[in-house]
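Taking it in order: structure first as structure tokens, then the write-up.
The values are calculated or read from the model by the stated rules, or taken from the named source; none is laboratory data. It should be emphasised that the depicted structure is a prediction, and the values quoted were computed from it without experimental measurement. All Cβ positions, glycine included, derive from the backbone under ideal geometry; neighbour counts span all protein chains shown.
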Amino acid sequence: MLATLGAIAPISAAGIPHLFGSKEVCSSDLHHFPKWTDMLERYRHEASSAHWDRFIDGLRDIDPLAQLDRVNRYMNDMPYKADAGNYAATD
């Protein structure tokens, strides 16, 4: 699939096609993502950080697509919470 995307999308410096023509910027500044940072903070209070740290440590030596798959499966295994209860606000 990446070969197909490469034919229609510009390639980043890392050799990966830009998603939908976007331009990625590496930054540790997450203030533009309040819902994401709020979720991370709630997760820190609800889950064992030692468990999360072990999970992340177990991903370090595998390829990025496998990392993405495992994180996706991990997060999809979390119980569903409606937005109103999760964020105390509607979309």
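Summary of computed values
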{"read-out": "Residue count for the stretch 19-40, restricted to those that are in a helix (DSSP H, G or I) and not basic (Lys, Arg)", "value": "9"}
{"read-out": "Pairs with Cβ under 8 Å, 6+ apart, first in the stretch 69-91 and over 15 Å from Trp36 (Cα atoms), second surrounded by 10 or more Cβ atoms within 10 Å (Cβ to Cβ) and β-branched (Val, Ile, Thr)", "value": "Arg70/Ile62"}
{"read-out": "Boolean, Asp38 is modelled with pLDDT of 90 or more and either surrounded by 11 or more Cβ atoms within 10 Å (Cβ to Cβ) or touching a helix residue (DSSP H, G or I) at 6+ places or on another chain (Cβ under 8 Å) (or both)", "value": "no"}
{"read-out": "Hits in the stretch 70-91 (condition: charged (D, E, K, R) and either surrounded by 10 or more Cβ atoms within 10 Å (Cβ to Cβ) or in contact with a Phe, Trp or Tyr (Cβ under 6 Å, 6 or more places away or on another chain) (or both))", "value": "Arg70, Lys81, Asp83"}
